[in-house]
Amino acid sequence: MADTDIQAALTLDALHRELGARMVAFAGYAMPIQYPEGIIAEHNWTRTSAGLFDVSHMGQLLFAGTDAMALETLLPGDLTGLREGVLRYSMLLGEGGGILDDLMVTKRGAAQDDDLYMVVNGATKHADIAVFEAVGLRPVYRDDLALLALQGPKAVDALERLAPGVGALSFMRAAAFDVAGVPAWISRSGYTGEDGFEISVPAADVETLARALLAQPEVKPIGLGARDSLRLEAGLPLYGHDLNPMITPVEAGLSFAISKRRKVEGGFPGADHVLQQLLDGPARKRVGLRLDGRLPAREGASVVAEEGVIGTVTSGGFGPALGAPIAMAYVAAAHAADGTRLGIDVRGRILEATVVPMPFFPKSYVRQGSAAKTGAPA
């Protein structure tokens, strides 16, 4: 990998190490997995206060606003009708409707040339760009930008001091702000199930901003370990584990991302297959599993019923806020109903589990119209 490919993700490398982070390889980058207090402490801090995550390995792409129609040939969302400052969760689909990546798209305003801002997964960003270019699109890969995520119930209090007015954003809304003197594009979104923000800033300024955020009493640095346990409790799928090119949006339980107009018109890869699954139901479904006892099940473990293997665990671990092991799995549709009792084969030992609704832990998004939008006074 060329040095230019890793520059943004390594911008905060010195700060992570100064803070005592244990660094690991992740999607081709050296990223913090945890800090000295440990993953469980970081998880619980984010659930009760505010955690700062470095997610600069993610890919930040810009498309001309006029590219929306062409993007609809690859994504099942309504992009031509996307309003200014609104985020939309979508998926890049391949042949047969399999998921090549999941992503966020935002329509930015006139001050940002009415472009479409897209955040894609770090491990897939270059492959995504190749798919876009194959249909004549020319996304601008902004490797000069870094990305921070500030998550937790007190995230708005901390950020409001540095970016007055940011608390007026509601979930899945975004706008440009000045944050402690740094120009930023901020969305009220995240990957933890908590209220929070994602903050895109020039890589040259990200350390200044990170230090300003960490100076707030509510904020501590959080590593990728707690990010994974938080998203698991929130029932959020991780690409490369719970999502891949062999899984469709319907099987993954992500049919909400297929816009109403696209369900009628189709026009995206694998539309015939995906829309048929919507009508008939898929043969397998992503489900949540709560395990009896304390032993966790990990990715790759077989899910079993009386007739044998009926599925596979795709994510699993201990839920710190729940005090219990949980997992996500794909199982045969006949075994996917809430309350179904199943077994998980962990190295020859069968762990008992129950199919339960997701999220495992309640989400705390601040949706439009909520009375709790604003943070504490500056």
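The values are calculated or read from the model by the stated rules, or taken from the named source; none is laboratory data. Quantities reported herein were computed from a predicted structural model and do not represent experimental measurements. Reconstructed Cβ throughout: ideal geometry from the backbone, glycine too, with neighbour counts over all protein chains shown.
Can you confirm whether segment 110-132 contains a residue that is free of Cβ contacts under 8 Å to residues at least 40 places away in the same chain, closer than 26 Å to Ala176 by Cα and in a strand (DSSP E or B)?
Taking every residue of segment 110-132 in turn, none turns out to be free of Cβ contacts under 8 Å to residues at least 40 places away in the same chain, closer than 26 Å to Ala176 by Cα and in a strand (DSSP E or B).
For segment 333-351, which residues satisfy the criterion of being over 30 Å from Asp280 (Cα atoms) and touching a Gly at 6+ places or on another chain (Cβ under 8 Å)?
Across segment 333-351, the qualifying residues are Ile350, Leu351.
Of the conditions (1) touching a Leu at 6+ places or on another chain (Cβ under 7 Å); (2) closer than 19 Å to Asn244 by Cα; (3) not hydroxyl-bearing (Ser, Thr, Tyr), Gly300 clears all except one; give me its number.
(1)
Quick check on my filter: what residues within segment 191-201 are of a type outside the set (Ser, Thr, Tyr), at negative phi and in a loop (DSSP other than H, G, I, E, B)?
Result: Glu194, Asp195.
When only residues in segment 139-180 that are among the β-branched types (Val, Ile, Thr) and crowded, with 18+ Cβ neighbours inside 10 Å count, which is nearest to the chain's Cα centre (by Cα)? Spell out how you get there, then give the answer.
The first filter runs over segment 139-180 and keeps only residues among the β-branched types (Val, Ile, Thr), leaving 140, 156, 166, 179.
Within this subset, residues satisfying the condition of being crowded, with 18+ Cβ neighbours inside 10 Å are 156, 166, 179.
Details: Val156: 19, Val166: 21, Val179: 23 Å.
That would be Val156.
Counting only residues that are closer than 20 Å to Tyr89 by Cβ and of a type in the set (A, V, I, L, M, F, W, C), how many does segment 121-144 have?
6
If you scan segment 196-216, which residues turn out to be crowded, with 16+ Cβ neighbours inside 10 Å and among the hydroxyl-bearing types (Ser, Thr, Tyr)?
If the condition is that a residue be crowded, with 16+ Cβ neighbours inside 10 Å and among the hydroxyl-bearing types (Ser, Thr, Tyr), then Ser200 is the only one that fits.
Which condition from (1) without any contact (Cβ under 8 Å) to a residue 12 or more places away in the chain; (2) farther than 25 Å from Gly270 by Cβ; (3) of a type outside the set (S, T, N, Q) is the one that Met69 breaks?
Condition not satisfied by Met69: (2).
Can you say whether Leu75 is buried (at least 22 other Cβ atoms within 10 Å of the Cβ) and not in a strand (DSSP E or B), as far as the supplied structure shows?
Taking the combined requirement at face value, the residue satisfies it.
Select from segment 1-52 the residues that are among the polar types (S, T, N, Q) and modelled with pLDDT under 95 and write down the one among them that is surrounded by the fewest Cβ atoms within 10 Å (Cβ to Cβ). Steps first, answer last, please.
Applying the first criterion (among the polar types (S, T, N, Q)) to segment 1-52 yields 4, 7, 11, 34, 44, 46, 48-49.
Checking the rest, the ones that are also modelled with pLDDT under 95 come to 4, 7, 11.
On the way: Thr4: 9, Gln7: 14, Thr11: 21.
That would be Thr4.
Give segment 269-316 a look and list any residue that's without any contact (Cβ under 8 Å) to a residue 40 or more places away in the chain, in a loop (DSSP other than H, G, I, E, B) and surrounded by 13 or more Cβ atoms within 10 Å (Cβ to Cβ), or say none.
If the condition is that a residue be without any contact (Cβ under 8 Å) to a residue 40 or more places away in the chain, in a loop (DSSP other than H, G, I, E, B) and surrounded by 13 or more Cβ atoms within 10 Å (Cβ to Cβ), then Pro296 is the only one that fits.
In segment 19-68, which residues are within 16 Å of Gln151 (Cβ to Cβ), in a loop (DSSP other than H, G, I, E, B) and within 19 Å of the chain's Cα centre (by Cα)?
Within segment 19-68, Val55, Ser56, Met58 qualify.
Tell me which residues, restricted to segment 93-118, are surrounded by 23 or more Cβ atoms within 10 Å (Cβ to Cβ) and of a type in the set (Val, Ile, Thr).
Ile99, Thr106
One line per residue, one yes/no per condition, for (1) hydrophobic (A, V, I, L, M, F, W, C); (2) within 17 Å of Ala329 (Cα to Cα); (3) out of contact with any Phe, Trp or Tyr (no Cβ under 9 Å at 6 or more places or on another chain):
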{"site": "Pro217", "(1), (2), (3)": "no, no, yes"}
{"site": "Gly235", "(1), (2), (3)": "no, yes, no"}
{"site": "Gly240", "(1), (2), (3)": "no, yes, yes"}
{"site": "Phe256", "(1), (2), (3)": "yes, no, no"}
{"site": "Lys263", "(1), (2), (3)": "no, no, yes"}
{"site": "Gly270", "(1), (2), (3)": "no, no, yes"}
{"site": "Glu299", "(1), (2), (3)": "no, yes, yes"}
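Could you list all residues from segment 340-378 that are modelled with pLDDT of 95 or more, outside the structural domain of Ala324 (by TED's automatic domain parsing) and of a type in the set (Lys, Arg)?
Correct list: Lys363 only.
Which one of these is within 17 Å of Gly319 (Cβ to Cβ) and over 24 Å from the mean Cα position of the chain (by Cα): Gly266, Gly293, Gly288, Gly281?
Just one listed residue meets the conditions, Gly293.
Tell me which residues, restricted to segment 231-261, are out of contact with any helix residue (DSSP H, G or I) (no Cβ under 8 Å at 6 or more places or on another chain) and more than 28 Å from Phe53 (Cα to Cα).
Within segment 231-261, Met246, Ile247, Ser259, Lys260, Arg261 meet the criteria.
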